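The values are calculated or read from the model by the stated rules, or taken from the named source; none is laboratory data. Nothing here was measured: the structure is a model prediction, and the numbers come from that model. Here the Cβ positions follow ideal geometry from the backbone for every residue, glycine too, while neighbour counts run over all protein chains shown.
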Number of protein chains: 2
Amino acid sequence: MKMAQLSAVSDTPIATIKFYQRENLLPVGERTGPNQARYDSTHLRRIRLVRGLIDVGGLSVAAARAVIEAIDSELPLSETFGVAQRSVSDLLDPAGIDAGALARVDAIMAGWCVSADNPGRLAAASVLETFDEIGHVDHRGWFAAYASAALLVAEADLDEVDALPDREAKAETVVVGTVLGDALFSGLRRAAQEHVSALRYPATHPNPARVTEPPEE
Amino acid sequence: MKMAQLSAVSDTPIATIKFYQRENLLPVGERTGPNQARYDSTHLRRIRLVRGLIDVGGLSVAAARAVIEAIDSELPLSETFGVAQRSVSDLLDPAGIDAGALARVDAIMAGWCVSADNPGRLAAASVLETFDEIGHVDHRGWFAAYASAALLVAEADLDEVDALPDREAKAETVVVGTVLGDALFSGLRRAAQEHVSALRYPATHPNPARVTEPPEE
DNA sequence: CTGGTATAGACAGTAAAGCTATCCGATAGC
DNA sequence: GCTATCGGATAGCTTTACTGTCTATACCAG
């Protein structure tokens, strides 16, 4: 496959493909001459991965490069998890986070075994701090529901990774699952909000909304 | 309170406060003279809300303006929900989404009552499409776990809003909950991944990670 | 074998977003 | 009166993610 075809089939401008190569998001093609190279399905797949991470997952180019390097590396899987996790959240200075908010996060995650510098823990604390500053307090265990849900999802994530055969597949699923999983959940959550709201307040949904087929079992 | 104090107490540069005023994210102060104005705690609160939406929630300035206008308006709560939902996801063209991916989302959301153009439904479908293009298929009900978790969270969100007294409080919670809720969940999810992973593979976590206090009941 | 198109690689240019800095005339408070 | 600060307007800056242009080849249809 030549450049023009790769561009056509991936629906990505040639200039952008060249940019991704410069940024080490995409390997250069197999050289067949001084100004000729050939591309194959691995390049196509990589372009789709990059665009998925950037467009759907919302990663920056730099973050996408970091997770792609983690997939390609031979690092242990737990390291890959760490890279993926850091890629989806800007790095927070642990010192800059309110101790009270951290304590509340830890209360919500009661019984969990999580290292002190886990980026998710710090990110959650800074969210709680923000809720606090705006004057929103969790009276009724609102946030605890988030923790139960997060645990449910994390179990499913690990189940999925465990079921895969080799490191390469596991690593890519860890990254893709971490990045796209956030996007998937937030989409489903918004749909669920409409569903729950429609159930509770039928009056404000006068025109019957779409109902998906209930499972037939 | 004068500009310098507002800047100091909100930890936001004067130039940035002026920028927010220009962008209609923040009302101008109460005028006390041709070139003097006074600010109060509502301005401080608003600055914190704006910074929370932008820094923690990751909204653009334009999206932050949209949701703030929705809070201030007298629109029915269901409209406010819609504005908040659209603010967290770039608008997707329903025509550009793979029908197969949409069908799979609908299968995951079996029995839910959701309108066809719900932005969350479309966003989830485009995530599934991306999973597909990269060659990740959901064999074992991975995504169904996301849907159950999303339902759990949506119930909690609605519970929280229902418990509030007036429209103003409900509207702000809808917006803040939608925007910051995504960030909170993804943080907790990442912490939960470490927890689950530590439970399943103690060997790769040689140094005992932090364990939060289990509930004492 | 020849001319139009494609190619790799280097590098400059662009557009949007989100601030940030400077200037101006006026005024507040000592 | 003097100096710091004010509101308001406008211009400039920095980063990010491309996009376009240029050059020297190389492929390929006729």
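Those residues that are within 16 Å of DNA strand C (Cβ to nearest atom), part of a loop (DSSP other than H, G, I, E, B) and loosely packed, with under 14 Cβ neighbours inside 10 Å, I need them from the range A:45-81; list them, please.
Of everything in the range A:45-81, just one residue is within 16 Å of DNA strand C (Cβ to nearest atom), part of a loop (DSSP other than H, G, I, E, B) and loosely packed, with under 14 Cβ neighbours inside 10 Å, namely A:60.
Just to verify a result, which residue in the range A:188-203, among those that are without any contact (Cβ under 8 Å) to a residue 12 or more places away in the chain and in contact with a Phe, Trp or Tyr (Cβ under 8 Å, 6 or more places away or on another chain), is surrounded by the fewest Cβ atoms within 10 Å (Cβ to Cβ)?
A:197
Just checking, does the range A:24-44 include any residue being part of a helix (DSSP H, G or I), within 12 Å of DNA strand D (Cβ to nearest atom) and under 20 Å from the mean Cα position of the chain (by Cα)?
no
Pull up the range A:1-23, narrow it to residues that are outside any loop (DSSP other than H, G, I, E, B) and either of a type in the set (Val, Ile, Thr) or modelled with pLDDT under 95 (or both), then point me to the one that is farthest from DNA strand D (Cβ to nearest atom).
Going through the qualifying residues, I end up with A:9.
Counting only residues that are surrounded by 17 or more Cβ atoms within 10 Å (Cβ to Cβ), at the interface with chain A (Cβ under 7 Å from one of its Cβ atoms) and not aromatic (Phe, Trp, Tyr), how many does the range B:122-147 have?
Selection size over the range B:122-147: 10.
With respect to residue B:41, is the statement that it is within 14 Å of another protein chain (Cβ to nearest Cβ), away from DNA strand C (no atom under 15 Å from the Cβ) and polar (S, T, N, Q) true?
yes
Would you confirm, using the coordinates I've provided, whether residue A:184 is in contact with a Ser or Thr (Cβ under 7 Å, 6 or more places away or on another chain), of a type outside the set (D, E, K, R) and assigned to a helix (DSSP H, G or I)?
When the stated conditions are applied, residue A:184 does not pass them.
What's the number of the only condition in (1) acidic (Asp, Glu); (2) more than 9 Å from DNA strand D (Cβ to nearest atom); (3) more than 18 Å from the chain's Cα centre (by Cα) that residue A:90 fails to meet?
Status for residue A:90: all satisfied but (3).
Across the range B:61-89, what is the total count of residues that are within 9 Å of chain A (Cβ to nearest Cβ) and farther than 22 Å from residue A:199 by Cβ?
2
May I ask you to verify whether residue A:185 is of a type in the set (A, V, I, L, M, F, W, C), within 30 Å of residue A:73 (Cα to Cα) and either within 7 Å of chain B (Cβ to nearest Cβ) or surrounded by 23 or more Cβ atoms within 10 Å (Cβ to Cβ) (or both)?
So residue A:185 fits the description; yes.
Based on this model, can you work out whether residue A:32 counts as hydroxyl-bearing (Ser, Thr, Tyr), over 18 Å from residue B:135 (Cα atoms) and away from chain B (no Cβ under 14 Å)?
It is true that residue A:32 is hydroxyl-bearing (Ser, Thr, Tyr), over 18 Å from residue B:135 (Cα atoms) and away from chain B (no Cβ under 14 Å).
Of these, A:150, A:84, A:64, which one is under 27 Å from residue B:164 (Cβ atoms) and under 14 Å from the mean Cα position of the chain (by Cα)?
Result: A:150 is the single residue among A:150, A:84, A:64 that is under 27 Å from residue B:164 (Cβ atoms) and under 14 Å from the mean Cα position of the chain (by Cα).
Which residue pairs have Cβ atoms under 6 Å apart, sit 6 or more places apart or on different chains, and have a first residue in the range B:30-46 that is under 14 Å from residue B:5 (Cα atoms) and a second that is of a type outside the set (A, V, I, L, M) and not in a strand (DSSP E or B)?
Hits for this filter: B:37/B:29; B:38/B:29; B:39/B:29; B:44/B:10.
For residues that are within 14 Å of chain A (Cβ to nearest Cβ) and among the hydroxyl-bearing types (Ser, Thr, Tyr), scanning just the range B:4-29, find the one that is nearest to DNA strand C (Cβ to nearest atom).
Checked the range B:4-29; the qualifying residue nearest to DNA strand C (Cβ to nearest atom) is B:12.
Contact list please: Cβ distance under 6 Å, first residue in the range A:59-81 and of a type outside the set (A, V, I, L, M), second residue within 16 Å of DNA strand C (Cβ to nearest atom), pairs at least six apart or on different chains.
Matching pairs, first to second residue: A:65/A:24; A:65/A:25.
Please verify whether the range B:154-169 includes one or more residues that are more than 7 Å from chain A (Cβ to nearest Cβ), modelled with pLDDT of 95 or more and over 23 Å from residue A:109 (Cβ atoms).
No, the range B:154-169 has no match at all.
How many of the residues making up the range B:102-142 are among the small types (Gly, Ala, Ser) and more than 24 Å from residue A:154 (Cβ to Cβ)?
4
Just give me the residues in the range B:8-43 being small (Gly, Ala, Ser), under 24 Å from residue B:63 (Cβ atoms) and surrounded by 12 or more Cβ atoms within 10 Å (Cβ to Cβ), in sequence order.
B:10, the sole residue that qualifies.
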